[in-house]
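Structure first, commentary second.
Nothing in this text is a laboratory measurement; each read-out follows from the coordinates by a stated rule. Worth saying up front: this structure is predicted, and the values here are computed from it rather than measured. Please note: Cβ atoms are built from the backbone with ideal geometry, for glycine as well, and neighbour counts cover all protein chains shown.
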Amino acid sequence: MAHPGKQVHLNVFLGGSGHHAGSWKHPLANPKRDLELEHYAELARIAERGLLDAVFTADNYSGLWRRLEPFTLLSALAASTTHIGFIATVSTTYNDPYHVARQFASLDHLSGGRAAWNIVTGHSQSDADNFGKPAHPELTKRYDIGDEFVEVTKQLWDSWEEDALVYDRETDTTIDSGKVHEIDFKGDYYSVKGPLNIPRPPQGYPVLVQAGSS
């Protein structure tokens, strides 16, 4: 039975030749294109024509994957599309809040407000090994770190008020410095002064996502 006013939101998972482990063997698959920009641009444009909401990229930091780095890929796809959203998977265990806040603000600006963050806490001990960490944190600690990471990131996005950019030629002023604020965050895991060095994202915050299996 249809429900008036209800909508189904659909995303497409970008995963090389497909999500299934054996998809590259399909007669119509061309796995040698898994690292080509135009391959993903074609998929994004097809999804956009089909009125899907977003394209989704998974990510991790270990293992033998044919997987492009999300910000590089999605920034390029933003130039090939007009309205579809971009969901990037980024770990809170093996990144820094300031860096991630800046990356998502950049993607949101370049895409005209189409960025989203799939928040994960990391995959395995192999991830830790690649970042020089003695151990992959246990689940409770990873979630505690993740909660604080997201809070710092949101405060950095908030460090610019929406009307901080003025571009007043008469007063020779580009930025109203009174509307850009240090956050002076001090928590259990992070100490960040701020402000961010890029204006507030068009959406305020990029959409925050938690995929079921992440």
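Can you say whether residue 51 is surrounded by 15 or more Cβ atoms within 10 Å (Cβ to Cβ) and either in contact with a strand residue (DSSP E or B) (Cβ under 6 Å, 6 or more places away or on another chain) or not hydroxyl-bearing (Ser, Thr, Tyr) (or both), as far as the supplied structure shows? When the stated conditions are applied, residue 51 does not pass them. Is at least one residue of region 80-89 in contact (Cβ under 8 Å) with a residue 12 or more places away in the chain and in contact with a His (Cβ under 7 Å, 6 or more places away or on another chain)? Checked against the condition, which is being in contact (Cβ under 8 Å) with a residue 12 or more places away in the chain and in contact with a His (Cβ under 7 Å, 6 or more places away or on another chain), region 80-89 yields no hits at all.
Checked against the criterion of being under 28 Å from residue 9 (Cβ atoms), without any contact (Cβ under 8 Å) to a residue 24 or more places away in the chain and in contact with a Ser or Thr (Cβ under 8 Å, 6 or more places away or on another chain), region 141-150 contains one or more residues that satisfy it.
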